């Protein structure tokens, strides 16, 4: 019974890349302007997906989420202005469109890579300060109670 559940779990996970490929193919076929715009704006996320080897790809998720936040407005402008490849290229030529999306992706990467290191350094510094304070308090108590000369 348990082996059947495990087999079903593996089979369900195996279909996702196929469905993702189908969705990408449909996007390229039916909405090439959106595919171009989102492909360029979310290029840092695509690179992160290729480079992130951790289970669940947390860095790729953060980069994708941050980049998507700045890709929605250009996608809406493309939709409102008529989704053509020329309009998509015109949007991509504007630095206020491309730069924030890529910068947001870089910030998502930085949060995942640099923030844990900074938090670890802060925790170690705080622990060292606490140890020093406790040693000073212990020394003061020993001197007050005259425990050293026993």
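Values quoted throughout were computed directly from the atomic coordinates according to the rules given, and no laboratory measurement underlies them. Nothing here was measured: the structure is a model prediction, and the numbers come from that model. Every residue, glycine as well, gets a Cβ built from its backbone with ideal geometry; the counts of neighbours run over all protein chains shown.
Give the relative contact order (percent, whole number) for the chain; include only Cα pairs under 8 Å separated by 6+ residues.
Relative contact order for the chain comes out at 24 percent.
Taking N as the number of residues in segment 15-150, what value does Rg over Cα atoms divided by 2.2 N^0.38 Å take?
Numbers: Rg = 25.9 Å, N = 136, 2.2 N^0.38 = 14.2 Å.
It is 1.82.
Calculated FRET efficiency, residue 145 and residue 118, Cβ-Cβ r, R0 41 Å, to nearest 0.05? Walk me through the intermediate numbers first.
Working: r = 41 Å, r/R0 = 0.99.
Plugging the Cβ-Cβ distance into 1/(1 + (r/R0)^6) gives 0.50.
Between segment 31-88 and segment 94-150, how many Å separate their Cα centres?
For segment 31-88 versus segment 94-150, the Cα centre distance is 35 Å.
Under the 0.36 nm per residue contour assumption, what length would be gained going from the current alpha-carbon distance of residue 23 and residue 90 to full extension? Don't skip to the end; give the middle numbers.
On the way: separation 67, 0.36 × 67 = 24.12 nm, distance 2.51 nm.
Here the segment from residue 23 to residue 90 would lengthen by 21.6 nm.
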